[in-house]
Amino acid sequence: MGHAEIEDVQVTGVPDERFGEEIIAWVKLNGNSDLSEEDIKEFCKGKNCAL
């Protein structure tokens with residue numbers, strides 16, 4: 001799975017008072033990308049990733 005405008009992604013867990021832990025992701029876009037957070041969330045739907 002990949003997107004032409006995404007160069008790299010790092011995902012990790014962070015403490016969460018309610019759930020114990022939640023995930024966060026850092027997304028590095030290619031230099032010419034104009035993807036928004038909503039664009040990335042839409043791309044991830046149905047691809048075994050939850051943001």
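What follows is calculated from the coordinates using simple rules that are stated; it is not laboratory data. Keep in mind that this is a model prediction, so the values were computed, not measured. Quick reminder, even Gly has a Cβ in these numbers, built from the backbone with ideal geometry, and neighbours come from all protein chains shown.
For the pair residue 41 and residue 6, label points projected 7 Å from Cα toward Cβ lie 1.4 nm apart. For the chain, the set of GluC sites (Glu not before Pro) satisfying both a DSSP loop assignment and a count of at most 13 other C-beta atoms within 10 Å is given as 17. The chymotrypsin sites (Phe, Trp or Tyr not before Pro) of the chain that DSSP puts in a loop, and whose beta carbon has at most 13 other beta carbons within 10 Å, are 19. Across the chain, counting alpha-carbon atoms alone, Rg and Dmax equal 12.4, 38 Å.
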